[in-house]
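Notes to accompany the following structure.
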Amino acid sequence: MKIAFYINTSGRGGAERVIVNLADFFAEDGNRTLIINSYPIEDEYKLSESVERIFLEDKPSRKSFLKKNLTYVKKLRRILKDEKPDILVSFMAEPNFRSLIAARRLKVKTVISIRNDPKKEYPTFLYRFLAKRLYKRADGIVFQTDEALKFFSEKIRRKSVVIMNSVDPEFFDTEKTAEDYCVAVGRLTAQKNYPLMIKAFKKVLADFPDKKLLIYGDGELKESLETLIKGEGVEENIIIKGRTDDVPDVLSRAEVFIMTSDYEGMPNALLEAMAAGVPVICTDCPCGGPKTVIEDGINGFLINTGDADALVGKLKLIFSDYGLRRTLSNNAKIQAKNFLPETINARWKEYLENLV
């Protein structure tokens, strides 16, 4: 089987990590595999040497929305004609639209994947119109959660499947060596609602003044978040550490993992924390990823989106009860077995092979 994967870039993001891992898996499984990106960027995930790589352009397009997409569709269609893959798998809204147009009347099966809250990924009338018209053409559609699937019509649902993300085995092998700090991992964007996390943690410090929160990630809100931390007078306790290439090591010394997102797909950072046995507190945000894997009070805690007081309460509870932390940790690792690569990759393999 020859498989082509398409996403805008292979840069460091959740969807990008999943598609790169899938490309590597199918290549190692004996399939001819190529990954198509719209353009290269500097900070990319490393691909296996057995995966072919093709770019539509050598740099991001500065053309208008319409001209850019017409150019990408034309170039993608030419690649599909030349390479003749059995199946094309695309991630994210615009690559999905381009793939379905480019593959029209070609002998290639098309699978698209929705990787975030559809209300956010398809926010405009144009995007919703294109999804409604084009997604009916897809041979298969992969969602991460049942809630995301229910956003679409019954006709689309009938050809769909829900497959969670996998977690690298190194996270399952992580051994807790200490409980030195609380941790958050993710891009510094509005979606993650770090101001809520920072202000809630400040309240916790009134009872637990020695606790620290380390935030790992980079993004456009870094300076404003550092200003907020300084303004709240908690720069000794809350520190933005920047990006790390060794998340397992970071998690090995974490007492609690915190995620306060306003919306998510199936957050990789949350799954990795659970696989590493870190007690987790996460917002019950759309489109249902966290509540798919967290059983509240059993293997982690769910709080309402935007509820700072609930976060304060759960942090105090976890800090006060070592036995609870151990129970949450053990149960999280049990749940995380559902994210093992061999389990998730087998589902993708079965789904794609059945389509072909």
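The values are calculated or read from the model by the stated rules, or taken from the named source; none is laboratory data. From a predicted model like this one, the values you see are computed outputs, not experimental measurements. Reconstructed Cβ throughout: ideal geometry from the backbone, glycine too, with neighbour counts over all protein chains shown.
Observations, loosely collected:
- Tally of residues being hydrophobic (A, V, I, L, M, F, W, C) and part of a helix (DSSP H, G or I) across region 58-114: 12
- Filter pass, Phe55 being crowded, with 18+ Cβ neighbours inside 10 Å, among the aromatic types (Phe, Trp, Tyr) and either touching an Asp or Glu at 6+ places or on another chain (Cβ under 8 Å) or at pLDDT 95 or above (or both): no
- Test result for Asp180, of a type in the set (Asp, Glu) and touching a residue at least 40 places away in the same chain (Cβ under 8 Å): yes
- In the set Leu76, Leu88, only one residue is buried (at least 16 other Cβ atoms within 10 Å of the Cβ), over 16 Å from the mean Cα position of the chain (by Cα), in contact (Cβ under 8 Å) with a residue 40 or more places away in the chain and closer than 29 Å to Pro286 by Cα; that residue is Leu88.
- The number of residues in region 302-327 being within 26 Å of Glu179 (Cβ to Cβ), in contact (Cβ under 8 Å) with a residue 40 or more places away in the chain and in contact with a strand residue (DSSP E or B) (Cβ under 6 Å, 6 or more places away or on another chain) comes to 2.
- Qualifying residue in region 103-120 (condition: surrounded by fewer than 22 Cβ atoms within 10 Å (Cβ to Cβ) and either touching a His at 6+ places or on another chain (Cβ under 8 Å) or within 18 Å of Pro286 (Cβ to Cβ) (or both)): yes
- Residue among Tyr72, Tyr122 that alone is closer than 24 Å to Val18 by Cβ and either of a type in the set (Val, Ile, Thr) or out of contact with any Ser or Thr (no Cβ under 7 Å at 6 or more places or on another chain) (or both): Tyr122
- Scanning region 275-292 for residues that are touching a Pro at 6+ places or on another chain (Cβ under 8 Å) and surrounded by fewer than 21 Cβ atoms within 10 Å (Cβ to Cβ) returns a single hit, Asp284.
- Failed item, numbered, when Arg62 is tested on (1) buried (at least 20 other Cβ atoms within 10 Å of the Cβ); (2) of a type outside the set (A, V, I, L, M, F, W, C); (3) more than 26 Å from the chain's Cα centre (by Cα): (1)
- Residue in region 13-20 that is over 15 Å from Leu80 (Cα atoms), surrounded by 16 or more Cβ atoms within 10 Å (Cβ to Cβ) and at pLDDT below 90 present: yes
- Look at region 212-232: where a residue is within 14 Å of Met197 (Cβ to Cβ) and a partner is crowded, with 16+ Cβ neighbours inside 10 Å and of a type in the set (Phe, Trp, Tyr), sitting 6+ places away or on another chain with Cβ atoms under 6 Å, you get Lys212/Tyr181; Leu213/Phe201; Leu214/Tyr181; Leu225/Tyr194.
- Of all residues in region 111-128, those that are among the hydroxyl-bearing types (Ser, Thr, Tyr) have Cβ atoms under 6 Å from Cβ atoms of residues that are not in a helix (DSSP H, G or I), 6 or more apart or on another chain, in Ser113/Phe91; Ser113/Val142.
- Restricted to region 147-249, the set of helices (runs of 4 or more DSSP H) holding at least 1 residues that are loosely packed, with under 13 Cβ neighbours inside 10 Å comprises 154-157, 169-172, 222-231.
- Looking at Glu264, Glu272, Glu295, Glu255, just one residue is in contact (Cβ under 8 Å) with a residue 40 or more places away in the chain, within 23 Å of Phe172 (Cβ to Cβ), exposed (fewer than 15 other Cβ atoms within 10 Å of the Cβ) and not assigned by TED's automatic domain parsing to the domain that holds Val20, and that residue is Glu295.
- When Gly289 is tested against (1) in contact (Cβ under 8 Å) with a residue 60 or more places away in the chain; (2) more than 18 Å from the chain's Cα centre (by Cα), just one condition goes unmet, and that condition is (2).
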